[in-house]
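**Q** Take this structure first; my questions come after.
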Amino acid sequence: MKKIIITGGAGFIGSHVVRLFVNKYPDYTIINLDALTYAGNLENLKDIETSPNYCFEKINILDAEALKAVFVKHNVTDVIHLAAESHVDRSIIAPLDFVYTNVIGTVNLLNVAKEFWKKSLDQHLFYHVSTDEVYGALGADGLFTETTPYHPNSPYSASKASSDHFVRAYAETYHLQTVISNCSNNYGPFHFPEKLIPLFINNIINNKPLPVYGDGLYTRDWLFVKDHATAIDMVFHKGKINDTYNIGGFNEWKNIDLVKILCSQMDVKLGREKGTSKKLITYIKDRPGHDRRYAIDATKINAELGWKPSVTFEEGLQLTIDWFFDNTDWLNNVTSGNYQHYYDSMYSNK
Ligand code: NAD
Ligand code: TYD
């Protein structure tokens, strides 16, 4: 039976993947390996933390010795790698943090996996979770396909592109079995409120300005996070070895249009007069190197694996808003920083 390390399992997307695998595959052992940076929050996994097929290892992927020990301890069969520094704005301020975790951390993990599995490479999979941002910016037309040349523009996307290249190189050079998926922007429950949608939900609740970068006409392709998790499940189990899959919902929105929809849904939710939240929109200085448009062609994953999103954008956004209203403790703990004490209170005796 599989014993899978999911790195970054305490983060936004990772927590959904961990939950899905723990609940759907009771015979697998799921090892959540996470350093618990500011983005890691074990409260995201409260509902499954006592499941018999789940365990948590607080490890930094930069620590090769700790990685080796955990492979031995659990006799790991597969890796699904999500741990990363993930916020573009932070990458502009501190690019080296992204090189360390996203590039060197990934290579560390590749080295340990290849060494540990060297006698049975064909029985193991290293699944690398990546982003559509590696392809760079699109003009008004066209979509990113799996063969679009890489053209990263931010330190974040450059570090993810580099990690993708290392994964491919390890498949070619060392015959490690790998698969890569490149997904568009996610949104949904447990989204850290530094990214557009959760930040704006929190600001609307608190009547704070909604900082729209530049002219607001930047376009992103949005996918509900649970649909990304089901895509990862399919790629992990049915994807072609050493192949790559784009994941997205054919769901492009200009930032300003998205923000306006969010404002109207929030007005209804908060019982505020129509148009109230829109007044909080404030155009601010643009992000340097801001990619104009991302859009994913998800034909391949649909045709080959039969995956498609389960919700429309309006449904996903409503589910997200409802979740944030039903989980105000989570939001308050994150915005106050209290979530960082959760590990100590939960795991101090273990
Ligand atoms: P996140 O920032 O919410 O979570 C990252 C997790 O990785 C956190 O739990 C953090 O503690 C952990 N981590 C960071 N550095 C670590 C290290 N050195 N060692 C061990 N753990 C470490 O990120 P996310 O939004 O959930 O993204 C997960 C993955 O999916 C990333 O690889 C990201 O590039 C990719 N991705 C994200 C999106 C998106 O819209 N958020 C879209 C496509 C792909
Ligand atoms: P973000 O959620 O940071 O994701 P990414 O940069 O990885 O696409 O941003 C989504 C879009 O929203 C992007 O075009 C930048 C823009 N944005 C704002 O206009 N204001 C904000 O405060 C944030 C965080 C993002």
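**Q** Taking the conditions exactly as written (within 16 Å of ligand 2 (Cβ to nearest atom) and in contact (Cβ under 8 Å) with a residue 60 or more places away in the chain), does Asn102 satisfy them or not? Give the steps one after another, and end with the answer.
**A** Details: within 16 Å of ligand 2 (Cβ to nearest atom): yes; in contact (Cβ under 8 Å) with a residue 60 or more places away in the chain: yes.
Judged against the criteria, Asn102 is a match.
**Q** Then there's this: Among the candidates Tyr156, Tyr150, Tyr187, single out the residue that is within 28 Å of Glu115 (Cβ to Cβ) and of a type outside the set (D, E, K, R).
**A** Working: Tyr156 fails: within 28 Å of Glu115 (Cβ to Cβ); Tyr187 fails: within 28 Å of Glu115 (Cβ to Cβ).
Of Tyr156, Tyr150, Tyr187, the one residue that is within 28 Å of Glu115 (Cβ to Cβ) and of a type outside the set (D, E, K, R) is Tyr150.
**Q** Might you check whether a residue that is under 30 Å from Ile59 (Cα atoms) and not basic (Lys, Arg) occurs anywhere in the range 296-314? Don't jump to the end; show me each part of the working.
**A** Within the range 296-314, the subset under 30 Å from Ile59 (Cα atoms) is none.
The answer is no; no qualifying residue exists.
**Q** Being hydrophobic (A, V, I, L, M, F, W, C), touching a residue at least 24 places away in the same chain (Cβ under 8 Å) and within 12 Å of ligand 2 (Cβ to nearest atom), is that true of even one residue in the range 228-235?
**A** Initial filter on the range 228-235 (hydrophobic (A, V, I, L, M, F, W, C)): 229, 231-232, 234-235.
Next, only the ones that are touching a residue at least 24 places away in the same chain (Cβ under 8 Å) stay: 229, 231-232, 234-235.
Within this subset, residues satisfying the condition of being within 12 Å of ligand 2 (Cβ to nearest atom) are none.
Within the range 228-235, none of the residues are hydrophobic (A, V, I, L, M, F, W, C), touching a residue at least 24 places away in the same chain (Cβ under 8 Å) and within 12 Å of ligand 2 (Cβ to nearest atom).
**Q** Okay, next question. Can you name the number of the only condition in (1) in contact (Cβ under 8 Å) with a residue 40 or more places away in the chain; (2) within 20 Å of the chain's Cα centre (by Cα) that Ala113 fails?
**A** Among (1) in contact (Cβ under 8 Å) with a residue 40 or more places away in the chain; (2) within 20 Å of the chain's Cα centre (by Cα), Ala113 violates only (2).
**Q** Six or more apart or on different chains, Cβ under 7 Å: which pairs go from a residue in the range 285-297 that's on the phi > 0 side of the Ramachandran plot to one that's within 12 Å of ligand 2 (Cβ to nearest atom)? Could you list them?
**A** From residues that are on the phi > 0 side of the Ramachandran plot, the pairs are Gly289/Asn153; Gly289/Ser154.
**Q** Name the strands (runs of 3 or more DSSP E) wholly inside the range 119-218 in which the number of residues that are more than 14 Å from the chain's Cα centre (by Cα) is 3 or more.
**A** Numbers: elements: 125-131, 178-183, 185-187, 210-213.
In the range 119-218, the matching strands (runs of 3 or more DSSP E) lie at 210-213.
**Q** I'm checking my understanding of the structure. Among residues of the range 72-89 that are away from ligand 2 (no atom under 16 Å from the Cβ) and crowded, with 21+ Cβ neighbours inside 10 Å, which one is nearest to the chain's Cα centre (by Cα)? First the steps, then the outcome.
**A** As a first pass, look at the range 72-89 and keep what is away from ligand 2 (no atom under 16 Å from the Cβ): 72-81, 83.
Restricting the remaining residues to those that are crowded, with 21+ Cβ neighbours inside 10 Å gives 76, 79-81, 83.
On the way: Val76: 22, Val79: 15, Ile80: 12, His81: 10, Ala83: 8 Å.
The residue in question is Ala83.
**Q** Sticking with this one: Counting only residues that are of a type in the set (Asp, Glu) and open to solvent by 40 Å² or more (accessible area, probe 1.4 Å), which one in the range 93-141 is nearest to ligand 1 (Cβ to nearest atom)? Spell out how you get there, then give the answer.
**A** Filtering the range 93-141 down to residues of a type in the set (Asp, Glu) leaves 97, 115, 122, 132-133, 141.
Next cut, open to solvent by 40 Å² or more (accessible area, probe 1.4 Å) only: 97, 115, 122, 141.
Details: Asp97: 9, Glu115: 19, Asp122: 26, Asp141: 22 Å.
Per the criteria, the residue is Asp97.
**Q** What helices (runs of 4 or more DSSP H) completely inside the range 247-350 contain at least 2 residues that are within 15 Å of Pro198 (Cβ to Cβ) and under 22 Å from the mean Cα position of the chain (by Cα)?
**A** Values: elements: 255-270, 299-305, 313-326, 328-336, 342-347.
Fully inside the range 247-350 and qualifying: 255-270, 313-326, 328-336.
**Q** Follow-up. Restricting the range 283-306 to residues that are over 22 Å from Thr148 (Cβ atoms) and more than 10 Å from ligand 2 (Cβ to nearest atom), which is least open to solvent (accessible area, probe 1.4 Å)?
**A** By that ranking, first place goes to Gly306.
**Q** Could you tell me whether Asn23 is open to solvent by less than 40 Å² (accessible area, probe 1.4 Å) and either touching a Phe, Trp or Tyr at 6+ places or on another chain (Cβ under 6 Å) or more than 25 Å from Ser163 (Cα to Cα) (or both)? Show your work before the answer.
**A** Numbers: open to solvent by less than 40 Å² (accessible area, probe 1.4 Å): no; either touching a Phe, Trp or Tyr at 6+ places or on another chain (Cβ under 6 Å) or more than 25 Å from Ser163 (Cα to Cα) (or both): yes.
No; evaluated as a whole, the condition is false for this residue.
Residues checked against (1) at pLDDT 95 or above; (2) of a type in the set (Gly, Ala, Ser); (3) more than 15 Å from ligand 2 (Cβ to nearest atom); (4) open to solvent by 60 Å² or more (accessible area, probe 1.4 Å):
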{"position": "Ser91", "(1), (2), (3), (4)": "yes, yes, no, no"}
{"position": "Leu143", "(1), (2), (3), (4)": "yes, no, yes, yes"}
{"position": "Tyr150", "(1), (2), (3), (4)": "yes, no, yes, no"}
{"position": "Ser162", "(1), (2), (3), (4)": "yes, yes, yes, no"}
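**Q** All but one of (1) without any contact (Cβ under 8 Å) to a residue 24 or more places away in the chain; (2) under 30 Å from Lys119 (Cα atoms) hold for Tyr170; which doesn't?
**A** Unmet for Tyr170, out of (1) without any contact (Cβ under 8 Å) to a residue 24 or more places away in the chain; (2) under 30 Å from Lys119 (Cα atoms): (1).
**Q** Can you tell which of Ile59, Ile48 is open to solvent by less than 40 Å² (accessible area, probe 1.4 Å), farther than 16 Å from Ser163 by Cα and in contact with a Lys or Arg (Cβ under 7 Å, 6 or more places away or on another chain)?
**A** On the way: Ile59 fails: in contact with a Lys or Arg (Cβ under 7 Å, 6 or more places away or on another chain).
Sole residue among the options that is open to solvent by less than 40 Å² (accessible area, probe 1.4 Å), farther than 16 Å from Ser163 by Cα and in contact with a Lys or Arg (Cβ under 7 Å, 6 or more places away or on another chain): Ile48.
**Q** Take the conditions within 24 Å of Pro193 (Cα to Cα) and touching a strand residue (DSSP E or B) at 6+ places or on another chain (Cβ under 9 Å) and apply them to Asp34. Does it pass? Full working, then the answer.
**A** Working: within 24 Å of Pro193 (Cα to Cα): yes; touching a strand residue (DSSP E or B) at 6+ places or on another chain (Cβ under 9 Å): yes.
For Asp34, the condition - within 24 Å of Pro193 (Cα to Cα) and touching a strand residue (DSSP E or B) at 6+ places or on another chain (Cβ under 9 Å) - is met.
**Q** Follow-up. Mind listing whichever residues of the range 16-38 are in contact (Cβ under 8 Å) with a residue 40 or more places away in the chain and either among the aromatic types (Phe, Trp, Tyr) or closer than 20 Å to Leu67 by Cα (or both)?
**A** Within the range 16-38, Phe21, Thr29, Ile31, Leu33, Asp34, Ala35, Leu36, Thr37, Tyr38 qualify.
**Q** I'd like to verify a number: residues in the range 159-200 that are within 9 Å of ligand 1 (Cβ to nearest atom) and aromatic (Phe, Trp, Tyr), how many?
**A** 3
Okay, residues lined up against (1) modelled with pLDDT under 95; (2) out of contact with any Asp or Glu (no Cβ under 9 Å at 6 or more places or on another chain); (3) among the aromatic types (Phe, Trp, Tyr); (4) surrounded by fewer than 22 Cβ atoms within 10 Å (Cβ to Cβ):
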position	(1), (2), (3), (4)
Asn153	no, no, no, yes
Tyr156	no, no, yes, no
Tyr174	no, yes, yes, yes
Ile205	no, yes, no, yes
Asp215	no, no, no, yes
Thr219	no, no, no, yes
Phe224	no, no, yes, no
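The values are calculated or read from the model by the stated rules, or taken from the named source; none is laboratory data. Just so we're clear, the structure is a prediction, and the values are computed from it rather than from any experiment. Cβ atoms come from the backbone with ideal geometry, glycine included; neighbour counts cover every protein chain shown. Please note that ligands, DNA and RNA were not included when accessible areas were found on the heavy atoms of the full protein model with its side chains. Shrake-Rupley method; radii C 1.70, N 1.55, O 1.52, S 1.80 Å.
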